[in-house]
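**Q** Here it is, the structure in full.
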Amino acid sequence: MKPVVTRELLTTILREATPVDLRIVGRTLLHAALVGIVAGLMGAAFFAALEIVQRFLLEYLGGYRILRASGETFMRELDAGRPFRWWLLLFLPTAGALASGLISQLAPETRGGGGDAMIDAFHRKGGVIRRRVAGVKLLASLFTLGTGGAGGREGPTMQIGGALGSWVGRVLNVTPSERRILTVAGVAAGIAAVFRTPLGAALLAVEVLYRDDFESDALIPAVLASVTAYSVVISIFGESTLFAHPGRFPFVIKHLWLYGVLAIFVTMLASAFLTSLRTVQRASARLPLPEWCKPALGGAALGGFCVPIILFVGWRLAQPGQGVGLLGGGYGAVQVAITGAPWLPTGWSGAALLLFLCLSKIVASSLTIGTGGSAGDFAPALVIGGLFGGAFGRAAQMLTGDPRVDPGAFALVAMGTFYGGISHTPLSSLVLVCELAGSYDLLVPLMLAEGIAFVALRKKSLYHAQVPTQRESPIHQTPSLDLLRSARVAQVMRPVSVSGVPVVLPEPRVGPEDDLRSATETLLRHKLREIPVVDPTGQIVGLLDEADISRFYLDASTKTPPPVPAS
């Protein structure tokens, strides 16, 4: 069968299918690099400002010793002899969350983690994120995380980076498709700026948009923006990985079954986390309170839940004020799970403590994020998985009696498996963990565990706004040529009136109820530009021109989502 296209339509399709214009490619990459610079500077400022706020409020005023990962700080440690004011920790999360809720009124989409809002903007708003989102999200997150909110930096930087990419696209007056690509590039740059994983950040930005697909057109711009942002950050703070580890993780094939068992337990833990988070979100939604004060309620619950645990653990370890990863992002707790710490008990006591902190982190993160606190769900997912993996690895080491079982390896694998499973980002999570550890030694165990989690968590997702594939995304739902089959000639023809006796017409002709596909085939077969439309009595009721068909198709295929206010 011949292609069902008219000459004008064929010309349009061929024009879009011609080899890529290198000038467009060069322009897009240049724009992506610009996004990387802007997002890198913003990410560096956010990273530094957050540490300064935490140092002053939690450490200097509260005497709380925050657990930090090896590459998570750029400031000198404060005097460890400051008195621990546990009562202050009861109120700081409430005050910070209240300030965050008030600020978020300027842009309600900044409530919560930020990842869902970014994904929704990409699919349903043409990649347009209001200009004010970047500033509002940064300030709201500083108040939430700086006062101990149990969330991470990466979720907010997804939304901040996406907003910066969208803003750059509007300033440069690019096309809608280029703006969407720059939004994704901004997401990659934002994550790379605070996480220092350039390749993993780029892959995550294009993979997190879908459950079973990725945004291939944005991959190269995302990589360039990510590398640029990473370069900006390390030029300011220096190069380092987030986590330190004592050496290599040798591959032992006999341990693969342990990683398989770990993956099964991690999927169950991930389901429990999602259940806890959704329960708090539903309960918060039912509260007859203004949205801006709900995060403060979560902050109060967080303080009441975490402070007794901190006091108890500090008393058992004879170290009052010892941070255990419940407040803030918690990456320091994962560092302890990987390398251990002088205060961490050995044997079963150490495994039990890590498991207890893991379960407590689920509750703490649910209270912060589920009530609308401006804190990311990315870091808690990694921390919960890492703590569980550390506990599992220590238990496996004691049960098997094999000194080659490295608890740090199980912590890293569980960390990537947990987040990759509930976010449906197995590839990027695998690369992220390898970059965080500064080693690809765990590639095979990660592939096994990620595969199990991907299958087991198919019907669960951390992000509601994800769509299955590009085909289901509103921005990619352009009609195909089969649209012509569902349309009728009567919808497109130009009506005419011919009075008098019926005119006897030779073939070809079409009827008003014929579909446009068969009518177009008739035009092409007879090499005509126009054809009469006749009713069942043989009376001419209209004319169908190939230009009318092309206009109908192009109008339907260029429909765009309604505009979103830029402010």
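**Q** Using +1 on the beta carbon of Lys and Arg, -1 on that of Asp and Glu, and nothing else charged, what's the dipole of the chain about the Cα centre, debye to 20?
**A** Charge dipole of the chain: 980 debye, to the nearest 20.
**Q** Keeping every protein chain present and rolling a 1.4 Å probe, give me the accessible area per residue for the chain in Å².
**A** Accessible area per residue: 41 Å².
**Q** What's the FRET efficiency of residue 547 with residue 469 using the Cβ-Cβ distance as r and R₀ = 35 Å, to the nearest 0.05?
**A** It comes out at approximately 0.55.
**Q** Of all accessible surface on the chain at a 1.4 Å probe, what whole percent is carbon and sulfur? Kindly include the intermediate steps, with their values, before the conclusion.
**A** Numbers: 15180 of 23450 Å².
Of all accessible area on the chain, carbon and sulfur atoms account for 65 percent.
**Q** Pairs 137/459; 254/361; 361/459: which are spaced more than 28 Å apart, C-alpha to C-alpha?
**A** Too far apart for the 28 Å limit: 137/459; 254/361.
**Q** Moving on. Between the stretch 167-207 and the stretch 365-387, how far is it from one alpha carbon centroid to the other, in angstrom?
**A** Using only Cα atoms, the two centres lie 23 Å from each other.
**Q** Among the DSSP beta bridges whose two residues both lie in the chain, what percent are antiparallel, rounded to the nearest 5?
**A** 75 percent
**Q** So which trypsin sites (Lys or Arg not before Pro) in the stretch 58-161 pass both tests, a DSSP loop state and at most 12 other Cβ atoms within 10 Å of the Cβ?
**A** 76
**Q** Largest first, please: the extent of the C-alpha atoms of the chain along each principal axis, to the nearest Å.
**A** Principal-axis extents of the Cα atoms in the chain, largest first: 106, 53, 45 Å.
**Q** Now, a different point. Starting from the 7 Å offset along Cα-to-Cβ, what nm value, one decimal, do you get for the label separation of residue 256 and residue 318?
**A** So the two model labels end up 4.7 nm from each other.
The values are calculated or read from the model by the stated rules, or taken from the named source; none is laboratory data. Keep in mind the model is a prediction, meaning the values are calculated, not measured. Quick reminder, even Gly has a Cβ in these numbers, built from the backbone with ideal geometry, and neighbours come from all protein chains shown. To get the accessible areas, we keep the full protein, side chains included, count just its heavy atoms, and leave off ligands, DNA and RNA. Shrake-Rupley method; radii C 1.70, N 1.55, O 1.52, S 1.80 Å.
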